[in-house]
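Engineer: This structure is in structure tokens; I'll ask about it shortly.
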């Protein structure tokens with residue numbers, strides 16, 4: 001991968017930072033409520049286009065940490081990651097800020113895991129740590145041990161200290177710049193993906209829940225069987241695979257992919273906003289607007305497009321895939337899901353029609369989507 005013509009520091013690292021709000025925000029604040037907190041960021045340097053989005057559903061109560069996006073030019077490796085503090089398991093207060101704001105264990109846990117991941121990747125680049133799951137686990141565990149926490153008077157099997165998900169993608173561009181070695185690392189139900197021009201979105205992680213069917217997970221909210229936390233053992237799962245360049249790497253919390261009608265809708269969101277965008281920053285803003293319009297949760301996303309000449313080349317590369325996916329998702333789509341008028345009738349028939357369309361669409365979309373899905377634990381050899 002060629003370096004950009006303008007001089008850059010040895011390490012190019014960026015995280016989401018606040019930008020001036022657009023003229024017409026997607027979610028307007030009520031007169032008696034503050035604006036919805038949001039961070040969006042985008043930057044492009046030739047073969048690398050980077051995007052991150054972070055939003056809070058309830059102002060001041062969000063528990064996702066800010067996304068992590070970093071590329072190291074000299075070693076041609078990088079990392080993207082998201083962290084979703086688990087509010088149900090970690091709802092108890094754990095820390096109070098200097099201005100008196102109370103923060104939950106989920107809020108603290110997500111940010112401690114993010115700081116640990118940041119420091120871990122710094123040491124990976126220096127060569128003092130391996131880029132494997134055991135090394136990352138050790139860093140996260142240490143930072144959680146040092147983080148502020150309180151012993152809750154309420155106990156139970158679902159309670160955790162500083163609980164959070166973690167979904168990261170470490171990558172290394174090969175010397176020939178034709179392929180990329182990718183290592184997803186994850187705990188919980190946040191996800192990592194690869195988006196390829198010819199075959200679309202591929203999930204690279206398997207949710208740590210007893211249910212693994214992506215469509216069924218849109219209809220239910222099963223408890224997680226593995227979660228980063230300070231008071232119990234947890235596992236950082238991983239695998240290693242090689243992908244062709246160019247490609248787009250994505251990590252996201254369930255606020256992005258968990259409130260769509262069918263798994264293919266998330267890919268369509270990514271490609272539709274890409275097609276509309278002028279540059280990486282505009283892409284991040286469009287994604288922010290869209291997710292705030294449909295999600296019922298905090299939402300975080302980190303994305304890196306690798307191997308394209310520039311943003312225009314990235315858009316052109318995925319234009320055929322967008323046309324194909326649009327046809328696939330719009331044919332037979334129930335009017336109740338499109339916002340079209342005149343879809344009245346028996347609610348039971350409407351629900352049955354939606355379910356049938358979801359099943360049909362999912363079965364057509366599923367083979368490519370699950371091509372790189374890790375095997376279930378009992379299937380591993």
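The values are calculated or read from the model by the stated rules, or taken from the named source; none is laboratory data. Given the structure is predicted, the values throughout are model-derived calculations rather than measurements. As a convention, Cβ positions derive from the backbone with ideal geometry for all residues, glycine included, and neighbour counts pool all protein chains shown.
Engineer: Is it the case that the range 229-236 has a residue that's modelled with pLDDT under 95, assigned to a loop (DSSP other than H, G, I, E, B) and at positive phi?
Structural biologist: Scanning the range 229-236 turns up no residue that is modelled with pLDDT under 95, assigned to a loop (DSSP other than H, G, I, E, B) and at positive phi.
Engineer: Between 63, 56, which is more than 18 Å from residue 135 (Cα to Cα), surrounded by fewer than 23 Cβ atoms within 10 Å (Cβ to Cβ), within 16 Å of the chain's Cα centre (by Cα) and at pLDDT below 95?
Structural biologist: The match here is 56.
Engineer: Would you check if residue 81 is modelled with pLDDT of 95 or more, crowded, with 24+ Cβ neighbours inside 10 Å and in contact with a strand residue (DSSP E or B) (Cβ under 8 Å, 6 or more places away or on another chain)?
Structural biologist: In short, yes.
Engineer: OK, next. Residue 381 passes all but one of (1) over 26 Å from residue 185 (Cβ atoms); (2) modelled with pLDDT under 95; which number fails?
Structural biologist: Single failed check for residue 381: (1).
Engineer: Being farther than 18 Å from residue 246 by Cα and modelled with pLDDT of 95 or more is the filter here, so list the residues in the range 185-210 that pass it.
Structural biologist: 185, 186, 187, 188, 189, 190, 191, 205, 206, 207, 208, 209
Engineer: Could you identify the single residue in 213, 265 that is out of contact with any helix residue (DSSP H, G or I) (no Cβ under 8 Å at 6 or more places or on another chain), within 23 Å of residue 337 (Cα to Cα) and modelled with pLDDT of 95 or more?
Structural biologist: Step by step, each of 213, 265 is checked, and only 213 is out of contact with any helix residue (DSSP H, G or I) (no Cβ under 8 Å at 6 or more places or on another chain), within 23 Å of residue 337 (Cα to Cα) and modelled with pLDDT of 95 or more.
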